[in-house]
1. Does Trp45 satisfy being farther than 30 Å from Lys139 by Cβ and in contact (Cβ under 8 Å) with a residue 60 or more places away in the chain?
2. Would you call Lys91 of a type outside the set (A, V, I, L, M) and either touching a Ser or Thr at 6+ places or on another chain (Cβ under 6 Å) or over 30 Å from Asn121 (Cα atoms) (or both)?
3. Check every one of the helices (runs of 4 or more DSSP H) wholly within segment 3-85 and list those with 3 or more residues that are of a type in the set (S, T, N, Q).
4. Please go through segment 50-67 and pick out each residue that is surrounded by 13 or more Cβ atoms within 10 Å (Cβ to Cβ) and more than 18 Å from Met12 (Cα to Cα).
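The values are calculated or read from the model by the stated rules, or taken from the named source; none is laboratory data. This is a predicted model, so every value here is computed, not measured. Glycine gets a Cβ as well: all are built from the backbone with ideal geometry, and neighbour counts include every protein chain shown.
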Amino acid sequence: MYNFFEKIRQFMFGRNGFDQLGIALLVLYFLLNFIRNFFWLSFGWVPFLVLLLLLILFFFRFFSKNVWKRQKENEMFMKFWRVIQKNIIEKISNAVRHAQDPVYKYFHCPRCRATLRLPRNRGKIDITCPKCNYTFRRKT
């Protein structure tokens, strides 16, 4: 058994293997496959070919010996993923956290979009933004 794993290790030496882009391709493959199977989508060959293309791309990247090129592709993907993380995922997590806060209510200044935190249940109050000094009325 040890000899088998040693041969696999030798085969994979100098190859790309797993990286963030490869994991994202696999997750996308399983997600699309689940959606296709769950909703019984049978639009002919198009979904099958897209899934097949994702698998081929994953295995091509996984077994590739051109590690430098695969690292550059992964860097480009990570730049794209960081933008998505910053713009979408952080906003969703902040909105969930703010909605569950029992003590404070959160507002955005209409002028500069700064986030303002105010105590709940104070009725209608005039709010002055500390950044741009804009005053607006909201119900807490």
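1. Numbers: farther than 30 Å from Lys139 by Cβ: yes; in contact (Cβ under 8 Å) with a residue 60 or more places away in the chain: no.
The answer is no for Trp45.
2. Numbers: of a type outside the set (A, V, I, L, M): yes; either touching a Ser or Thr at 6+ places or on another chain (Cβ under 6 Å) or over 30 Å from Asn121 (Cα atoms) (or both): no.
Judged against the criteria, Lys91 is not a match.
3. Working: elements: 20-38, 46-63, 67-84.
Passing ranges, in order: 20-38.
4. Listed by number, the residues that qualify are Val50, Leu51, Leu54, Leu55.
One line per residue, one yes/no per condition, for (1) surrounded by 11 or more Cβ atoms within 10 Å (Cβ to Cβ); (2) in contact with a Leu (Cβ under 8 Å, 6 or more places away or on another chain):
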site	(1), (2)
Phe11	no, no
Asn16	yes, no
Asp19	yes, no
Phe30	yes, no
Val46	no, no
Val83	no, no
Asn87	no, no
Gln100	no, no
Lys105	yes, yes
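Let's see how each residue does on (1) modelled with pLDDT under 85; (2) of a type in the set (A, V, I, L, M, F, W, C):
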| position | (1), (2) |
| --- | --- |
| Gly22 | no, no |
| Phe30 | no, yes |
| Met78 | no, yes |
| Val83 | no, yes |
| Asn87 | yes, no |
| Glu90 | yes, no |
| Asn94 | yes, no |
| Pro102 | no, no |
| Phe107 | no, yes |
